[in-house]
Amino acid sequence: MKSAVIVFPGLNRDRDMIAALEKVTGEKPHLAWHGDSDLPDVDLVVVPGGFSYGDYLRAGAIAARSPMLKRVKEHADRGGLTLGVCNGFQILTETGLLPGALMRNRDLKFLCKVIHLKAENTTSPFTTAYKGHEAFPCPIAHHDGNYFIDQDGLKALEDNGQIAFRYCDENGNVTIEANPNGSIENIAGITNKQGNVLGMMPHPENLIEAAHGGIEGRYIFDSLVAAVA
C-alpha cells in the first residue's frame, strides 16, 4: 500500500503516523508539505494530528485552505482512501470532505488519556479487521473533539452507516459517562457516504504494538492494506 502523509507547521503526530504506516506496510510514506501542490499517485492519504497553524481562527480552518488540501480533495473525490486523525478530522470537516464540525470539549479542558471505542461499522475499508474486536482501548489528545451535526445530518449518518466509531465503556456500552468530550451520540469517528474517507478523534497510530499497551489501533491500517490488496 502506497501512502502519503500531509505535513503542516504545528503538527505533533505526523512522525507517529509515519512510523505506524512504515511498520504496517513495510514502506515509508511520501511526505507532502502543506504548501506544495504536487501529490503523487498513492492508495492512502493521511492528514495527521496536532495543532496545524497553532489552531488559529478555528482548529483546522487555515490548513483546510492550503494548496495541498486541494490535491487531497481531488484524491478523495476520485475514490482514493483518505484518513484524518484528530486535527486531521477537524481539517477534513473544514474542507467539506466530511459533514459536521468539531467544537470545544464539553468541559472546556484538554483531554489526554485512554478511552474505549466501539466499532459501529465493520464493512468500510478502514474497519473490516475490527470484526470480533468491536470494543477496544485507544488514546485521545484533543481540546476540540466535541463532534456536532444537526439532526438531519445525524439521521443521514445513521441511515448510511457512516458512523465508524463511538465512545463506549470497556464492555462496549455506549453511555454518557463513557463520552469524554460531549460528542453527539458518542460519535468518535465517521466516514463519508462513499466510505473512502474516515475522520476520527482518537489516535490509532499510538496503539499498534505491544509496547503501546495494545495493538487494536493497528486494525485500521490492516483493514486498509487488505482493502488495497
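The values are calculated or read from the model by the stated rules, or taken from the named source; none is laboratory data. Computed from a prediction, not measured in an experiment: that's the story for all the values here. Quick reminder, even Gly has a Cβ in these numbers, built from the backbone with ideal geometry, and neighbours come from all protein chains shown. For accessibility, only protein heavy atoms count, side chains too; no ligands or nucleic acids. Shrake-Rupley method; radii C 1.70, N 1.55, O 1.52, S 1.80 Å.
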Looking for whichever is under 17 Å from the mean Cα position of the chain (by Cα), on the phi > 0 side of the Ramachandran plot and polar (S, T, N, Q) here; the options are Asn186, Asn146, Asn196. Which one fits?
-> Asn186
Filtering segment 54-81 down to residues that are open to solvent by less than 60 Å² (accessible area, probe 1.4 Å), under 20 Å from Met201 (Cβ atoms) and not acidic (Asp, Glu) yields Gly54, Ala59, Gly60, Ala61, Ile62, Ala63, Ala64, Leu69, Val72, Ala76, Leu81
Among the candidates Lys118, Lys113, Lys155, single out the residue that is in a helix (DSSP H, G or I) and open to solvent by 50 Å² or more (accessible area, probe 1.4 Å).
-> Lys155
Of the residues that sit in segment 4-30 and are over 28 Å from Leu111 (Cβ atoms) and not acidic (Asp, Glu), which one is least open to solvent (accessible area, probe 1.4 Å)?
-> Ala4
In segment 202-229, anything within 12 Å of the chain's Cα centre (by Cα) and part of a loop (DSSP other than H, G, I, E, B) is listed as Pro202, His203, Gly217
Gly199: in contact (Cβ under 8 Å) with a residue 60 or more places away in the chain, assigned to a strand (DSSP E or B) and open to solvent by less than 50 Å² (accessible area, probe 1.4 Å), yes or no?
-> yes
Looking at segment 75-108, which of its residues are part of a helix (DSSP H, G or I), in contact (Cβ under 8 Å) with a residue 12 or more places away in the chain and not small (Gly, Ala, Ser)?
-> His75, Asn87, Phe89, Gln90, Ile91, Leu92, Thr93, Glu94, Thr95
How do the pairs read when you match residues in segment 42-66 that are under 17 Å from Gly145 (Cβ atoms) and touching a residue at least 40 places away in the same chain (Cβ under 8 Å) with residues anywhere that are of a type in the set (Phe, Trp, Tyr) and open to solvent by less than 10 Å² (accessible area, probe 1.4 Å), using Cβ under 6 Å and keeping only pairs 6 or more apart or on different chains?
-> Ser52/Phe8; Ala63/Phe8
When you look at Val46, is it under 24 Å from Asn105 (Cβ atoms) and modelled with pLDDT of 95 or more, yes or no?
-> yes
